[in-house]
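Q: Just passing along the structure, written as structure tokens.
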Amino acid sequence: MDSVTPRRALRVLAFAAAVLCTLIVAAAATARATVVSAGFYGSVLDEEKAYTRLYNEVLVDPRAAAVTRSLLAGLPVPEAVVTSNIKLVLPPETVRELTQEQIDDVVGYLRGDRDTLALSVDLRPVLDNVDDLAQIYFGDLVASVQNRAEPDFDAFSADLSAALENVVAGRVPDSLPALPLTEEQAARAAEHVLAALPEERRAGLRPEVEAALRDGDIGAVLATVAPMVVSERTHAAVARLRTLAGGSEWNLDRPLDLTALHELRPYTAVGLGIVEAVAAALLVVSLAVLWATGSAAPGRRPMLLGWALAAGGLLTALAVVLVRLVGDGRIVDPAPSWPTGLARLVDDLQRTAVDDMTVAALGSALVPLVAGALLAGFGWALQVRPRLRTAPAAAYARPLAAGVSAFALAGLVLVPLAAPSAPRRCEGSVRLCDRPYDEVAFLTSHNAMSTTVDRFIGPLQDPAISTQLDDGVRALQLDTYRWERPDEITARLDGSDFSAEQRALIAHVVNKVNPPRDGLWLCHAVCRAGAVELVPELREIGDWMREHPTEVLTLIVQDAISGEDTAKAVAQAGLSDLVFTPDENPAEPWPTLGDMIDSGRRLVVFAEQADGPAAWYRNFYRYGMETPFSFRRPDQMSCVPHRGGTGKRLFLLNHFITAGGGSRLDAGEVNARDYVLDRVEKCERERGRPVNFVAVDYTTIGDARGAVDALNAQR
């Protein structure tokens with residue numbers, strides 16, 4: 001009797017230790033895979049589309065107007081342009097980098113790698129973009145204003161001053177003065193204009209201003225001088241932003257209450273890996289003791305181990321549920337002064353993080369629960385079914401118990417590592433990975449190369465192509481050209497969508513500015529209106545795709561160069577391993593986005609004219625159809641068949657206004673989310689196919705991206 005009691009006590013102690021160690025291993029593994037994992041926080045941000053919501057919900061919130069104004073450094077930019085240009089000052093890639101820095105700092109602090117937590121954001125990349133925005137905005141403001149002849153030099157000087165005042169105030173002048181100037185008059189006019197600048201800045205700009213005046217390019221004069229005129233205001237606004245942030249480094253400890261993080265650190269900094277390893281070792285020892293002290297009766301030992309594992313899993317699950325019910329899951333409490341969009345985003349991120357941690361912990365608890373139930377069931381079967389008590393069956397009991405126990409322990413440790421990681425997303429959605437290419441909607445940038453940042457006359461987009469891709473564009477309409485000869489320009493201008501004022505401006509600078517150049521170019525109708533080299537731009541697109549290995553991209557090329565030249569340019573840009581070859585039969589089904597990503601062939605290249613010779617370079621209108629594209633007013637937009645006819649698998653929706661060039665005001669209307677969705681629904685109903693390419697001007701104005709996301713969510 002005396003020998004039985006210690007054995008039973010040891011068994012009870014081992015049982016309790018196994019249950020407790022199961023709980024500790026699960027908790028430590030979950031914390032290691034979530035709380036102190038930088039990848040976990042990144043997955044939560046992606047899951048909630050935090051970077052997209054920052055621009056679409058937070059920075060456009062009326063209560064965030066003061067912040068956006070500060071970021072734009074007080075430039076006289078109309079309110080409607082503020083939200084469209086904020087990405088030029090605060091680019092998405094900069095936001096990602098700054099956010100990742102904060103995540104690394106927090107994780108390092110929680111792990112115990114650093115003794116203090118000092119969160120700070122380096123504002124210098126933001127501040128450096130302010131002057132760039134000034135140049136872009138003021139250059140665009142005067143690019144298309146018609147010159148008006150003046151009777152004499154005095155009238156010219158007066159109207160030039162008035163035009164400068166308008167531009168500095170953020171207003172488009174009614175027109176720009178024009179007068180042939182002698183070198184002496186150009187010098188006098190330059191002196192008159194430069195008088196508005198601080199004295200130390202005049203000498204550096206004088207040669208450029210005088211040269212532009214001699215050429216009669218008043219737009220260039222104003223685009224050069226206006227940003228400098230407001231530079232004092234710009235620098236003052238930047239200084240206020242620095243003061244608000246406490247310098248070029250914005251210390252986040254002041255606006256954020258990080259008490260919860262400091263309270264959590266003692267539990268995470270002691271070495272979760274060590275705790276996990278010790279608990280796992282004790283669990284193995286406890287299970288071995290249970291086996292050794294268990295009854296030798298058939299099935300009793302497997303049942304004992306099974307009950308211990310199942311009890312540990314059940315206790316872990318109950319603990320997770322209890323913590324979830326008792327705690328609100330908040331680390332940061334949004335202040336009442338925060339914009340509604342920001343408070344909602346922070347709450348959603350915290351909720352998603354807690355939900356993911358809960359799923360990871362429950363998944364970890366489920367493994368020993370199921371393994372224990374199976375092992376207990378096997379032991380029960382040995383007890384109640386005498387025919388199983390044969391020597392071969394009994395011989396399996398010990399290896400089976402060891403295998404199931406090892407499986408349960410491995411599951412406790414490994415399941416949390418897999419559970420919280422962000423699933424692969426295609427076009428921002430897990431579900432779209434299984435959708436065929438021709439059933440997915442893509443935000444499409446019309447004349448993507450014609451940007452303000454690259455100083456095109458009459459630009460139709462603001463950011464550079466790589467930034468457009470960062471902003472969610474997944475199809476680019478590009479125009480390829482060779483540099484035109486002077487005698488070709490008139491014909492091209494007559495057939496272009498430039499306004500009369502823009503055509504006059506281009507004609508004026510022929511052979512004076514932008515002389516002919518060799519090579520292949522991306523231009524909008526006329527290369528003298530703006531041009532970027534084709535191969536370097538394709539190379540940048542390839543670099544972006546390699547940095548984003550789960551994205552599918554489409555190029556629709558308005559080709560004024562041969563198919564052979566295009567194929568050579570693609571090869572020179574290093575894109576040969578990315579291009580996708582469509583089926584020769586346009587009626588054949590397309591692969592899913594996931595299949596294209598897995599194959600590595602995820603760059604689809606179409607031509608408007610050519611059809612080959614490269615197998616991957618196919619004519620778009622063999623595979624796709626479109627709507628008309630020469631709408632002059634929003635109420636003229638229709639869904640009637642245009643190029644490509646009807647019945648094709650791909651559907652291009654031309655969704656922009658062309659009235660003497662692009663129209664920012666109309667873009668603000670037609671790019672609105674509901675406006676896009678209403679037209680897509682109408683055209684899909686009339687044409688019997690889902691819209692694939694929603695082509696818009698000024699992709700950063702309105703919310704065409706939100707509309708495309710909504711379409712894909714519906715699909």
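Q: Within segment 396-415, identify whether any single residue is surrounded by fewer than 17 Cβ atoms within 10 Å (Cβ to Cβ), of a type in the set (Gly, Ala, Ser), at pLDDT below 90 and under 27 Å from residue 550 (Cα atoms), and answer yes or no.
A: There is no residue in segment 396-415 that is surrounded by fewer than 17 Cβ atoms within 10 Å (Cβ to Cβ), of a type in the set (Gly, Ala, Ser), at pLDDT below 90 and under 27 Å from residue 550 (Cα atoms).
Q: From (1) in contact with an Asp or Glu (Cβ under 6 Å, 6 or more places away or on another chain); (2) among the charged types (D, E, K, R); (3) modelled with pLDDT under 80, pick out the condition that doesn't hold for residue 348.
A: Against the list (1) in contact with an Asp or Glu (Cβ under 6 Å, 6 or more places away or on another chain); (2) among the charged types (D, E, K, R); (3) modelled with pLDDT under 80, residue 348 comes up short only on (3).
Q: Here is a further query. Among (1) assigned to a strand (DSSP E or B); (2) over 24 Å from the mean Cα position of the chain (by Cα), where does residue 554 come up short?
A: Unmet condition: (2).
Q: Looking at (1) over 24 Å from the mean Cα position of the chain (by Cα); (2) open to solvent by 70 Å² or more (accessible area, probe 1.4 Å); (3) among the charged types (D, E, K, R), which is the one condition that is false for residue 546?
A: For residue 546, the failing item is (1).
Q: Here's something else I'd like to know. So which residues in segment 323-340 are modelled with pLDDT under 75 and of a type in the set (Ser, Thr, Tyr)?
A: Within segment 323-340, 337 is the sole residue that qualifies.
Q: Looking for whichever is aliphatic (A, V, I, L, M), at pLDDT below 85 and within 16 Å of residue 24 (Cβ to Cβ) here; the options are 284, 270, 320. Which one fits?
A: When all the criteria are applied, what remains is 270.
Q: Now, a different point. How many residues does segment 353-368 hold that are under 24 Å from the mean Cα position of the chain (by Cα) and either modelled with pLDDT under 85 or surrounded by fewer than 19 Cβ atoms within 10 Å (Cβ to Cβ) (or both)?
A: Going through segment 353-368, the residues under 24 Å from the mean Cα position of the chain (by Cα) turn out to be 353-356.
Imposing the further condition that a residue be either modelled with pLDDT under 85 or surrounded by fewer than 19 Cβ atoms within 10 Å (Cβ to Cβ) (or both) reduces the set to 355.
Selection size over segment 353-368: 1.
Q: Please pick out the residue among 290, 315, 305, 261 that is at pLDDT below 75 and crowded, with 17+ Cβ neighbours inside 10 Å.
A: 261
Q: Now for a separate question. Exactly one of (1) modelled with pLDDT of 75 or more; (2) open to solvent by less than 50 Å² (accessible area, probe 1.4 Å); (3) assigned to a helix (DSSP H, G or I) is unmet by residue 236. Its number?
A: Result: residue 236 fails condition (1) only.
Q: Something else about it: Hey, among the residues in segment 318-352 that are assigned to a loop (DSSP other than H, G, I, E, B) and more than 22 Å from residue 44 (Cα to Cα), which one's least open to solvent (accessible area, probe 1.4 Å)? Talk me through it step by step, then tell me what you get.
A: Going through segment 318-352, the residues assigned to a loop (DSSP other than H, G, I, E, B) turn out to be 327-339.
From what is left, the residues that are more than 22 Å from residue 44 (Cα to Cα) are 336-337.
Values: 336: 125, 337: 89 Å².
Within segment 318-352, the match that is least open to solvent (accessible area, probe 1.4 Å) is 337.
Q: Hey, does segment 269-285 have a residue that's open to solvent by 20 Å² or more (accessible area, probe 1.4 Å) and acidic (Asp, Glu)?
A: no
Q: For segment 592-691, please list each of the strands (runs of 3 or more DSSP E) lying entirely inside it that holds at least 3 residues being in contact with an Asp or Glu (Cβ under 7 Å, 6 or more places away or on another chain) and open to solvent by less than 20 Å² (accessible area, probe 1.4 Å).
A: It comes to 650-654.
Yes or no, residue by residue, for (1) at pLDDT 75 or above; (2) open to solvent by 20 Å² or more (accessible area, probe 1.4 Å):
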| position | (1), (2) |
| --- | --- |
| 148 | no, yes |
| 167 | no, no |
| 171 | no, yes |
| 184 | yes, yes |
| 189 | yes, no |
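Q: Something else about it: Across segment 557-591, what is the number of residues that are open to solvent by 70 Å² or more (accessible area, probe 1.4 Å) and in contact with an Asp or Glu (Cβ under 6 Å, 6 or more places away or on another chain)?
A: The number of residues fulfilling the criteria is 1.
Q: Please tell me if residue 632 is modelled with pLDDT under 95 and among the basic types (Lys, Arg).
A: yes
Q: A further question follows. Identify, please: which residue in segment 426-437 is touching a helix residue (DSSP H, G or I) at 6+ places or on another chain (Cβ under 7 Å) and part of a loop (DSSP other than H, G, I, E, B) and is, among those, modelled with the highest pLDDT? Show your work before the answer.
A: In the first step, residues of segment 426-437 are kept if they are touching a helix residue (DSSP H, G or I) at 6+ places or on another chain (Cβ under 7 Å); the result is 426-429, 432-435, 437.
Next, from what is left, pick out any that are part of a loop (DSSP other than H, G, I, E, B): 427-428, 435.
Values: 427: 72, 428: 65, 435: 93.
Out of the qualifying residues, it is 435.
Q: Only one residue in 592, 627 is closer than 19 Å to residue 433 by Cα and in contact (Cβ under 8 Å) with a residue 24 or more places away in the chain. Which one?
A: Result of the check over 592, 627: 592.
Q: Let me ask something additional. Do any helices (runs of 4 or more DSSP H) lying entirely in segment 1-119 carry at least 2 residues that are closer than 29 Å to residue 406 by Cα and either modelled with pLDDT under 80 or open to solvent by less than 20 Å² (accessible area, probe 1.4 Å) (or both), and which ones are they?
A: 4-33
The values are calculated or read from the model by the stated rules, or taken from the named source; none is laboratory data. These figures come from a predicted structure and were not determined experimentally. Counting neighbours? That spans all protein chains shown, and the Cβs are built from the backbone with ideal geometry, glycine included. Keep in mind that these areas ignore ligands, DNA and RNA; they rest on the heavy atoms of the full protein, side chains included. Shrake-Rupley method; radii C 1.70, N 1.55, O 1.52, S 1.80 Å.
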